[in-house]
Number of protein chains: 2
Amino acid sequence: MTLPDRVSIREVGPRDGLQNEDVVPTEAKVRLLDSLSGTGVKRIEAVSFVHPKAIPQMADASEVWAAAVKAVGVRYSALVPNSKGAERALAAGFTEIEVVVSASNTHNLRNVNRSTDESLDDIAGLIDLLHGAGATAEVIISTSFGCPYEGNVDPERVHAIVDRVLADGADRISFGDTTGMATPRRVVEVVDPVLQRHADTPVLLHFHNTRGTALANILMALQLGVTEFDAAIGGLGGCPYAPGATGNVATEEVVHMLEDMGIDTGIDLAALIESAKLAQEIVGRELPSGVLKAGPRI
Amino acid sequence: MTLPDRVSIREVGPRDGLQNEDVVPTEAKVRLLDSLSGTGVKRIEAVSFVHPKAIPQMADASEVWAAAVKAVGVRYSALVPNSKGAERALAAGFTEIEVVVSASNTHNLRNVNRSTDESLDDIAGLIDLLHGAGATAEVIISTSFGCPYEGNVDPERVHAIVDRVLADGADRISFGDTTGMATPRRVVEVVDPVLQRHADTPVLLHFHNTRGTALANILMALQLGVTEFDAAIGGLGGCPYAPGATGNVATEEVVHMLEDMGIDTGIDLAALIESAKLAQEIVGRELPSGVLKAGPRI
């Protein structure tokens, strides 16, 4: 079995995590971002520029970003839903931008009141806008491994979306397991053909641990050759479709497993656990991370 | 990648799970056992025959077992610490008996006030006693993947214990990840040489999900050819070394992942989730199982 020597983890707690928690103060968001910037993690999804009525948790995105330390050697990214968000993100100085489309048409309709195809048309324009401003465009394909409304999602549908957005100029692809429906078999079915057909495209996987499978999915993806993963400090963020359920896989659980397997993440686990304690304090609820509760294995 | 077509899961919630929870009434234990006997699971670790002062949770083992439905087609086993426990288990009618030794000498000393070598001498006698009564003897090697006192455990130490107990007549070997210190790499290091050297010996793995790695460890073990796993309904049982931490991997999380991967467990997931709800009601605390919280993926 061949596993990569190193893996690049993107910390998404400040955005995807906090977006699914109760609103927290601006200064707390800045403290969490700054804490994470000191853990050795090289990529952080910092904020999203969305309408404050739709997502009040991110209403202060510009203020958070203005106040945060921009650590040398850390790549920060922002998520945007449309051209207005993109303009705000560019104005704030971001050069790595993420846009989202759902592989499930029903999920896309319920999220943004547009069909998947309509969103793909929008994204084509967004990619041009971002490229014109010198930024890169990552397309996140949510519900890639299953949809809470439609159930299973045909991998061929996901692959067609990949082909479309790459043809439209996307720089990177992320596959989102939005509600924790991925299992190792589905990782192979969705991801392997993409790696075969688009060997030069950076591919990132975003797993939720809703049903406990996140680390198994990562193990399978490593065996396929994937080396980029999202994770959220402490396992921040819930699942909007199942109250009380777990959201993102915890960054410290990913780092703990990978480092013990001899796979370099560049991240200091002790520092990461301190950030997880801070995250738990900020949101004021017990976070699901096992490594936060039990500590590292030694 | 080759994965097995079917897997045999042993449900250990009634014993290993409840042994690490607050004491629950006898009738509740019987209800849980009977519920599990109707899920399609083919093996259940029902009780342990230990001294009631050491483990009050199992003081009523004989009463529980006498009252429980013995379902046709289900293999029930009991754990015993010594010859007195073995006599009780045999008198109760068990023919599948488990004995335990810790790979870590410190852990063994703290648990039973004997060195690992002294326990191995005892086990040799126990195996003879059990075989003389027509029962089988499974040796569980706890702390096989790490020890809360000693840290890492040398796999060669584990392998020497395997060689010893097999020479003494053990019918089966179980590797216990007592405090959730296993990662896929350690699964390979501990288990693969045993499979190579003792191809005819049934091998069972017992993972705790303390640091989130249980399903990843199972995925790795499947790839090595292991087809027998312990799991506890709802993720019953805590970790005595880390208050609030998670214990056994939840049976419904294992079944959910395996069945979605096309691996037959023979277990009805919906019935299993009902048993998990019952387990949660009985212990009166929120259990950690993601599948219990979020439901199955479809």
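Numbers below:
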item	result
Position A:Gly169, label points 7 Å along Cα→Cβ, spacing to each other copy in nm (shortest first, one decimal)	7.8
Helical contribution to [θ] at 222 nm, DSSP H n ≥ 4, -39,500 (n - 2.57), averaged over chain A, rounded to 500	-12500 deg cm²/dmol
Sparse-neighbourhood loop sites, trypsin sites (Lys or Arg not before Pro) in the stretch B:14-96 - DSSP loop, at most 10 other Cβ within 10 angstrom	B:Lys53
Other-copy label distances relative to B:Ser115, 7 angstrom Cα-Cβ extension, nm	7.6
For A:Ser48, residues with placed amide H under 5 Å, excluding near neighbours	A:Leu79
Residues with amide H under 5 Å from that of A:Asn152, placed H, sequence gap 5 or more	A:Cys147
Label geometry 7 Å along the beta-carbon vector: A:Lys277 inter-copy distances in nm	4.0
Ranking of A:Val74, B:Val50 by count of other Cβ atoms within 10 Å, fewest first	A:Val74, B:Val50
B:Lys277 paired with B:His131, simple spin-label distance in nm, labels 7 Å along Cα-to-beta-carbon	4.8 nm
Taking B:Asp5, B:Asp16, A:Asp268 and counting other C-beta atoms within 10 Å, the order from fewest to most	B:Asp5, A:Asp268, B:Asp16
Subset of A:Lys293/B:Lys29; B:Lys70/B:Lys293; B:Lys29/B:Lys293; A:Lys42/A:Lys70; A:Lys42/A:Lys293; B:Lys53/B:Lys84 violating a 19 Å alpha-carbon distance limit	A:Lys293/B:Lys29; B:Lys70/B:Lys293; B:Lys29/B:Lys293; A:Lys42/A:Lys293
Minimum Cβ-to-axis distance in chain B for the rotation onto chain A, with residue, whole Å	B:Ala216, 2
D_trans [Stokes-Einstein, Kirkwood Rh over alpha-carbon pairs] for the stretch A:8-294, 10 °C, 1.306 mPa s, µm² s⁻¹	85 µm²/s
Per-residue Cβ neighbour rank within 10 angstrom, fewest leading, A:Glu252, B:Glu150, B:Glu286	B:Glu286, B:Glu150, A:Glu252
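The numbers here are math on the coordinates, done by the rules we state, and not lab data. Since the model is a prediction, treat every value here as computed from it, not as a measurement. Ideal geometry is used to build each Cβ from the backbone, glycine not excepted, and the neighbour counts take in all protein chains shown.
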